[in-house]
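As structure tokens, the structure follows; a few thoughts come after it.
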Amino acid sequence: MNYKKILIAVDNSTCSEKAAKTGYEMASKFDAEIALLNIIEPAPATANPDFTLAPVFMEMYDNSEENSQELLKEIEKKFSNNVKTTYLTSLDTASHGILKQAEEWGADLIVIGTHGRTGLYHFFMGSVAEHVARKAPCPVLVVPNRSEV
């Protein structure tokens, strides 16, 4: 195991903070670099009566990208300990975006948190972490929500 490029998928949740902390600790041990990835999931498109996309969509995307960059900066500041960090933001579905960015960036390891949902919610919504672990081009470390930050 010689991880040099670790991709950490984050959102604005406690479980992704736990994943970020774990990913940065691993990066320090392996002298690896980090890519922090935040996925902006597309909002359902709303069409005007003349079937053009509402201008609100582009404004929402711009705000989301700005918020994404702020989130990535906060996580780096909190956990990085001077580990080289790249910011990645992608407009995509969560699992597809993580897999695509991991492949494009050449990740040796993906670190992702899990909300730990069970029951009907998990049955109907599935698990991003599960899907990523099954389809990833590299090993995936799933950090459970119950672990301590």
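The values are calculated or read from the model by the stated rules, or taken from the named source; none is laboratory data. The shown structure was predicted, so the numbers you read here are calculated from the model rather than taken from an experiment. No Cβ is skipped: glycine too gets one built from the backbone with ideal geometry, and neighbour counts run over all protein chains shown. Surface areas here come from the heavy atoms of the whole protein model, side chains and all, with no ligands, DNA or RNA. Shrake-Rupley method; radii C 1.70, N 1.55, O 1.52, S 1.80 Å.
In the range 3-32, how many residues are polar (S, T, N, Q) and either within 20 Å of Q69 (Cβ to Cβ) or not in a helix (DSSP H, G or I) (or both)?
Adding up the residues that qualify gives 3.
If you take the residues of the range 1-36 that are acidic (D, E) and modelled with pLDDT of 95 or more, which of them is most open to solvent (accessible area, probe 1.4 Å)?
That would be D31.
Counting only residues that are at pLDDT 60 or above and either β-branched (V, I, T) or surrounded by fewer than 15 Cβ atoms within 10 Å (Cβ to Cβ) (or both), which one in the range 106-129 is farthest from the chain's Cα centre (by Cα)?
G106
Restricting to the range 90-102, count the residues that are modelled with pLDDT under 95 and in contact with a helix residue (DSSP H, G or I) (Cβ under 7 Å, 6 or more places away or on another chain).
Number of matching residues: 5.
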